């Protein structure tokens, strides 16, 4: 019999992915709170759709959509994560100790995603409320059509950052190769300092608020105007 | 658009000697003047209004010496269809082969969405969410609800995925294959803005591509994720706008679809550029056989179900689509009309907004006098969802009776036994597109040896 303090170890080299995900879903109704998953071997759709206050440690690299649509759980990937890690995350925390591939936390609606390394292109694409902290660099077209939430980049940002952005807050410490349509540098006000400071602290990022610049929407594309046709 | 009438009925001051240009007709001149004045492309709802080869160009042969008809009303003619038999633990069972297409809350009012759910449920079929997420109105009143996963992902959440009866991954839409949704500021009310997580009053342009996958190999993994999240219970549909239906169907099967929804260019839209609606895609008639051939070649016809939409208006259209190989059809514009859209009772109010009953397509403006395609609370309150639901049920059941009538006449005890052999075409174009013989001949353009 397991207790809430036991760590449930699942070896994906012997346990089918379907069985693991079903057990993680069933954990909503009780059972182990702490899970360790070994030998993920780049599996796709790993630990997706969790809807419980679990601690899940994945030891190794993962494939697409790890911890997709996560609710409540704290998931740590001790390795690199494939495309769409934490896509549409609702709540909880996802921490990637290595690098994250494209579309990290895409369309995320809540919760926190921390990437200790770099995140590739389209990080935070269409984000809708999630908080993302990347301690390294991010790729091009990140925060494309980002609607709300916060993206913190401790390194550099690639080209077309925040293209067609709505109300997401972006903070970048390093260089920005280029800003996308309707994304501009904006004043770092007290509210933003507090927000940034809080996120740097919870992410454990070794950076100072004053080292960052803030970017956001110029709001010139919110309503159609033929004189902006080149930007649409 | 109406053709020029040289008798003068179509132009108040026409007289002999006034020659209208065929290419610069009055609609064309009006549009050039409008563009010059307003400086933006024309955005509208409805679907393609141009003349295209369509189901009217086909006829059923009916039974005769060599075919044995069934008695109407007496001999059984089954109409039910099961969708999602390939992988889903819980396929859905429809009593009729007609579903309600995806239409968003935002594009439609809350009461209109409720009416779609009520009518579909009464008729024993499914309704579908849209680009605005799932509302309580439609979930509560829809016994079978298909939840769309769109590029925008507005309102997307795992709880709604789990309480849906099926999931539809929208790759494209017949009215705009390759285009994203639009919802202009007039309709971004507080509730719509909150559901979509957008500022109120903006002109919202949905993404045209999904944010976290870019091709069929990725889509296969995305579908795996959706199945894992929902414990492999839900049928997964892939909706494609008709452009390359043979290859798209094969790729959809390869990606793991349970059901393919194929939307022809006459498919409706709440708001799209007119140039997109009228100039992109394939007519519905032209894409069914290509998709069915693709399924047959893969051994997947009837295993992966095919739903055809785009300009389906009546039981004849539905029966012809089924005869060409579809498992079901889907209606959008027709369902709105059944609810009451373009009702002549509102003739005066249509005139006030510069339109007329039967022509109204400015659904994006949110001024719909019937209260259907609006977010204005006063207009929406005009619409009675219970009455609308009954009207939709009447319409769907009438269509089903029409399908049965034609099927029995062709000697079929199940509507899915209708087949291309039951059809002929009235035009060379429709014969080629539907791959059935030109009426009175054995000629199928493009496939008959010795033909041209």
Segment B:320-344: number of residues that are more than 27 Å from residue B:383 (Cβ to Cβ) and in a loop (DSSP other than H, G, I, E, B): 4
Enumeration of residues in segment B:166-188 that are over 21 Å from residue B:261 (Cα atoms), surrounded by fewer than 22 Cβ atoms within 10 Å (Cβ to Cβ) and more than 12 Å from chain A (Cβ to nearest Cβ): none
Filter result for residue A:50 (out of contact with any helix residue (DSSP H, G or I) (no Cβ under 8 Å at 6 or more places or on another chain) and within 27 Å of residue B:209 (Cα to Cα)): no
Positions within segment A:112-129 being in contact with a strand residue (DSSP E or B) (Cβ under 6 Å, 6 or more places away or on another chain), part of a loop (DSSP other than H, G, I, E, B) and either facing chain B (nearest Cβ under 10 Å) or more than 12 Å from residue A:158 (Cβ to Cβ) (or both), in sequence order: A:124, A:127
Test for residue A:98: is it within 28 Å of residue A:156 (Cβ to Cβ), modelled with pLDDT of 95 or more and under 11 Å from the mean Cα position of the chain (by Cα): no
Cβ pairs under 8 Å, 6+ apart, first in segment A:216-232 and more than 8 Å from every other protein chain (Cβ to nearest Cβ), second modelled with pLDDT under 70: A:220/A:231; A:221/A:231; A:221/A:232
For residue A:69: the one exception among (1) surrounded by 15 or more Cβ atoms within 10 Å (Cβ to Cβ); (2) within 28 Å of residue B:210 (Cα to Cα); (3) more than 14 Å from every other protein chain (Cβ to nearest Cβ): (3)
Search result, residues across segment B:210-243 that are within 10 Å of another protein chain (Cβ to nearest Cβ), under 17 Å from residue A:102 (Cα atoms) and touching a residue at least 40 places away in the same chain (Cβ under 8 Å): B:210, B:211, B:222
Any hit, segment B:345-361, residues being closer than 30 Å to residue B:72 by Cα, part of a loop (DSSP other than H, G, I, E, B) and touching a strand residue (DSSP E or B) at 6+ places or on another chain (Cβ under 9 Å): no
Matching residues in segment A:76-91 - criterion: being crowded, with 19+ Cβ neighbours inside 10 Å and within 12 Å of chain B (Cβ to nearest Cβ): A:82, A:83, A:84, A:85, A:86, A:87, A:88, A:89, A:90
Subset of segment A:198-215 that is surrounded by 15 or more Cβ atoms within 10 Å (Cβ to Cβ) and in contact with a helix residue (DSSP H, G or I) (Cβ under 9 Å, 6 or more places away or on another chain) - its residue that is nearest to the other protein chains (Cβ to nearest Cβ): A:214
Filter pass, residue A:115 being buried (at least 24 other Cβ atoms within 10 Å of the Cβ) and outside the structural domain of residue A:157 (by TED's automatic domain parsing): no
Single match in B:163, B:191 (criterion: touching a residue at least 24 places away in the same chain (Cβ under 8 Å) and away from every other protein chain (no Cβ under 14 Å)): B:191
Of residues in segment B:295-311 being surrounded by 22 or more Cβ atoms within 10 Å (Cβ to Cβ) and touching a residue at least 60 places away in the same chain (Cβ under 8 Å), the one farthest from residue B:52 (Cα to Cα): B:304
Single match in B:149, B:116, B:145, B:83 (criterion: within 14 Å of another protein chain (Cβ to nearest Cβ), modelled with pLDDT of 95 or more and touching a strand residue (DSSP E or B) at 6+ places or on another chain (Cβ under 8 Å)): B:149
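The values are calculated or read from the model by the stated rules, or taken from the named source; none is laboratory data. Computed from a prediction, not measured in an experiment: that's the story for all the values here. Positions of Cβ are backbone-derived with ideal geometry, glycine not excepted, and every protein chain shown enters the neighbour counts.
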